[in-house]
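Worksheet for the structure shown next.
We did not get these values from a lab; they are worked out from the coordinates using the rules stated. Quantities reported herein were computed from a predicted structural model and do not represent experimental measurements. Here Cβ is always computed from backbone atoms with ideal geometry, including for glycine, and neighbour counts include all displayed protein chains.
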Amino acid sequence: MRTLEERFWSKVAIGAPGECWEWQRGRKPDGYGQFKLISGGSPQRAHRIAWLLTFGDPGALYVLHRCDNPPCCNPAHLFLGTAAVNNADKIAKGRQAAAGHESFPSLVAGVRRLTDAQICKARHQYAGGRSCRSIARESGVSHTTISRLVNGTHWRGYRAA
């Protein structure tokens, strides 16, 4: 009978130390690998198990990817963080807009896809009667993002004139 470690690592394509070691079995729709510690148990995220087997129990902390590659299980690509660190990491890597994150007031739509000048232009166009959808199509961001920008709920630095 194989050990837990043997069972787990046999499902990972282990490569060079600096490469991503991708999970080769079942994945969730978001790309993260799934692994059951015990038969009949609930599936756990494979990268968390990689951390557990290499460094020990992460407890309540999140196991995050430096490589931003969900199926990666290379322990050298993983690090621990709180929920706030996880959110900041997602925003910094462009996987989540900064809307509603008061701790990141300088980050704006599309994780800085829009410059301050573009934001001012969008607000000016909206004030002139242009729709949020039309501005969004031209800017390459969602209409919700533009709506939040023009209403001052997405970027705290905005002061309505």
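With +1 on each Lys and Arg Cβ and -1 on each Asp and Glu Cβ, and nothing else charged, work out how big the dipole of the range 26-96 is about its Cα centre, in Debye to the nearest 20.
Magnitude of the dipole: close to 160 debye.
May I ask you to list the lysines whose Cα is less than 30 Å away from that of Lys36, ignoring any residue fewer than eight positions away on the same chain?
Leaving aside lysines fewer than 8 places away in the same chain, those within reach of Lys36 are Lys11, Lys28, Lys90, Lys93.
At each listed q (0.20 Å⁻¹), what is the log10 of I(q)/I(0) that the Debye formula gives for the range 4-81 modelled as equal alpha-carbon point scatterers?
Result of the Debye calculation: -0.82.
Hey, if you put +1 on the Cβ of every Lys and Arg and -1 on every Asp and Glu Cβ in the range 4-81, which of Ser42, Gln24, His65 ends up farthest toward the positive end of that dipole?
After comparing all options, I get Ser42.
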